[in-house]
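Shown next, in structure tokens, is the structure this report addresses.
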Amino acid sequence: MRRIPPEFIEQVRLANDIVDIIGEDTFLKQTGHRYTGLCPFPSHNEKTPSFSVSQDRQLYHCFGCGQSGNIFTYLQVRRGMHFMEAVTTLAQRAGLPLPDRQEGSDRQYLERKRLLEINLSACDFYENQLHNLSASHPVKKYLRERGLSNETVKRFRLGYAGAGWDGLLSHLKAHTGDWVLAEKLGLIRKKNDHYYDFFRGRLMFPVFAKNGRDVLGFGGRTFDKDQAKYINSVDSSVFHKGRTFYGWQHTASVIRNLGRALVVEGYTDYLSLYQRGVHNVVATLGTALTEDHARWLSQYVEQVILSFDGDKAGEKAAERSLSVLLSFGLVPKVLRMEEGMDPDSFIRSHGEKAFKKKADSAQDLFLYLFLEQLKQYPAGVDRFALIQKMAGMLAQTENAVLREYYTNRFLDSFGFDEKVAKQALEKAIRKKRLRRTQNFRSEDVSFRDKQISSSQKEGGESIEGGQKLSSMKQSEEKFSFESAPRSELYLLILALQNPDYYKMIKNSGVTKQFSHNGVIRLFEVIHEYSKQELEYFEALTQILSAYLQDPREIQKEMYPSLTYLSKEKVKFFIQDCINKVEEERKRLNLKNITANMRLDQENAEKYLTKIVEWTKESKNVENKI
């Protein structure tokens with residue numbers, strides 16, 4: 001079995017927040033230094049909160065049922081994971097690669113630890129350099145002009161990289177002795193056998209991990225017009241700008257409690273808003289909003305407000321972000337500023353209340369983009385091209401209620417036959433989904449068309465065939481199960497072991513509730529092969545391997561808890577996984593209904609009725625579990 005170094009387990013623990021994890025299962029309210037809420041364990045159905053979480057100690061305890069433990073025990077008890085699964089899940093969540101199985105894995109983690117220590121030492125150096133600048137220095141003047149207080153500068157540990165070529169280099173030589181290793185972080189560069197500082201003459205913004213302790217990288221702003229205004233640390237084993245938010249460690253709890261995040265583009269915008277009382281804000285690091293960003297936000301909020309520039313580039317960025325956010329079930333809105341203003345200048349000019357009022361009235365991003373596009377299609381012009389374009393965006397979300405809401409809203413703007421428009425939309429959405437999932441039948445991949453020559457029947461006979469599966473179309477999407485829900489993945493693995501197991505899973509109807517595209521796709525393939533002769537069923541694992549980035553992900557041996565499961569217990573285990581998939585689907589439905597109720601408050605009573613119905617069904621599932 002894979003050996004995980006104790007240092008890595010501790011690193012995973014520190015990189016995650018137990019409040020975030022438990023907050024996915026029950027609403028937690030901050031009370032002093034603790035968080036309280038209803039017990040999340042299905043066996044304890046309470047009405048008065050008796051569950052307590054300590055963020056400082058990273059522990060939980062229920063005074064009602066007595067359950068207690070840390071972040072690992074919570075995942076083991078509440079979600080049925082074994083220890084290795086819990087470690088793997090939390091590592092992936094924090095963006096930490098699992099150690100290799102080689103003997104050098106310990107060395108990798110020692111190096112990562114060392115890199116973080118170097119970043120922290122660099123942060124100390126930059127911070128001290130800023131502190132020692134005279135009040136007349138351009139950087140100090142800039143901070144005053146932006147209205148950033150000394151308290152804010154200290155809280156976020158802003159610093160200054162001097163204009164010299166070896167200031168940080170000399171510091172690292174004296175304090176860490178690891179200036180060569182600092183090259184991997186991009187802090188130090190090498191040219192013609194000489195090392196020099198990468199950041200020079202810049203105001204420095206350290207980027208912290210979720211835990212608020214580790215420094216992952218830096219952003220630097222120059223005051224030299226001949227240079228790029230902002231640059232970031234290079235991507236490394238500890239820093240990926242497309243997976244990181246600036247300032248998350250200070251605003252995560254507020255974002256979680258509000259269920260809404262405001263995303264801005266710059267460090268200064270973030271600092272200005274935070275200092276003036278807007279505490280549900282985060283900033284990207286000079287990149288477009290990525291899938292990793294959206295996945296991160298979807299764990300905490302239902303609604304995301306984006307602040308973009310009002311130019312063409314800003315509009316294109318908003319359009320890209322819409323598809324990304326919808327694909328993770330988020331409700332995106334856009335905060336439009338007057339020409340020549342950004343969040344920083346607006347809040348400095350108009351104050352906190354005016355800014356929050358503006359944020360509260362942020363326009364729905366989908367409707368905003370639709371209305372902007374509509375200007376290009378005046379009355380009398382064929383608008384079906386626009387319908388198809390917007391439908392392609394709508395197809396990104398699995399939230400049927402949200403799709404219906406958007407559809408009705410922009411149909412109102414057309415003023416022509418609703419039935420015709422809806423039919424066109426439904427057709428476009430189906431077409432988009434078929435293209436995205438690459439439906440099995442459209443690929444014309446059947447058992448008769450693609451025979452397996454390399455698989456072995458029981459008894460060692462070869463399965464005759466011409467064309468190998470490796471000749472799949474190059475366009476066939478290859479999936480990864482890193483982010484797949486464990487219950488869905490386990491059902492897939494077991495479905496491949498025995499036709500009877502597959503029938504039990506298929507007949508339960510649970511496959512219609514799967515959320516991971518890869519699991520859905522592979523069950524489609526299994527369904528097609530199940531129509532063929534069952535003697536070929538054992539070849540399925542090899543067949544499906546061609547659909548995966550890592551074929552080992554569907555090998556039963558990779559999951560010890562399944563390997564040692566007796567046949568008598570398999571059916572009970574399958575039913576338990578089915579229950580958990582249903583429970584997760586109902587949880588997501590509740591989240592979607594709540595989000596849509598906020599969008600359509602006129603029909604709040606209708607949504608409340610749905611919530612009551614879903615809650616009752618969810619309780620029934622929990623009782624089964």
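Is it true that residue 157 is closer than 18 Å to residue 117 by Cβ and charged (D, E, K, R)? So residue 157 passes the test. Residues in segment 152-175 that are in a loop (DSSP other than H, G, I, E, B) and open to solvent by 30 Å² or more (accessible area, probe 1.4 Å): 157, 163, 164, 165, 166.
Residue check: residue 241 meets all listed conditions (1) in contact with a helix residue (DSSP H, G or I) (Cβ under 6 Å, 6 or more places away or on another chain); (2) open to solvent by 30 Å² or more (accessible area, probe 1.4 Å) but one, namely (1).
Checking 63, 27 one by one, the residue that is within 26 Å of the chain's Cα centre (by Cα), open to solvent by 10 Å² or more (accessible area, probe 1.4 Å) and farther than 30 Å from residue 6 by Cβ is 27 and no other.
Looking across 346, 355, one residue alone is farther than 27 Å from residue 401 by Cβ, crowded, with 19+ Cβ neighbours inside 10 Å, touching a residue at least 60 places away in the same chain (Cβ under 8 Å) and among the aromatic types (Phe, Trp, Tyr). It is 355.
Filter segment 176-216 down to the residues that are among the hydrophobic types (A, V, I, L, M, F, W, C), open to solvent by 10 Å² or more (accessible area, probe 1.4 Å) and either touching a Leu at 6+ places or on another chain (Cβ under 6 Å) or assigned to a loop (DSSP other than H, G, I, E, B) (or both) and list them by number. Correct list: 179, 180, 198, 209.
Residue 148 meets all of the listed conditions (1) open to solvent by 80 Å² or more (accessible area, probe 1.4 Å); (2) at pLDDT 95 or above; (3) in a loop (DSSP other than H, G, I, E, B) but one, namely (1).
Of everything in segment 42-57, what is within 22 Å of residue 16 (Cβ to Cβ), surrounded by 15 or more Cβ atoms within 10 Å (Cβ to Cβ) and modelled with pLDDT of 85 or more? Give them in sequence order. Selection gives 51, 52, 53. Evaluation of residue 320 against the conditions (1) touching a helix residue (DSSP H, G or I) at 6+ places or on another chain (Cβ under 8 Å); (2) under 17 Å from residue 392 (Cβ atoms); (3) not acidic (Asp, Glu) shows that the sole unmet condition is (1). Among the residues here, residue 140 qualifies as surrounded by fewer than 19 Cβ atoms within 10 Å (Cβ to Cβ) and more than 21 Å from residue 211 (Cα to Cα). For residue 327, the criteria (1) closer than 30 Å to residue 149 by Cα; (2) open to solvent by 10 Å² or more (accessible area, probe 1.4 Å) hold in every case but one, which is (1).
The values are calculated or read from the model by the stated rules, or taken from the named source; none is laboratory data. Values in this document were obtained by computation on a predicted structure and should not be read as measured data. For neighbour counting, all protein chains shown are included, and Cβ atoms are generated from backbone atoms with ideal geometry for every residue, glycine included. Keep in mind that these areas ignore ligands, DNA and RNA; they rest on the heavy atoms of the full protein, side chains included. Shrake-Rupley method; radii C 1.70, N 1.55, O 1.52, S 1.80 Å.
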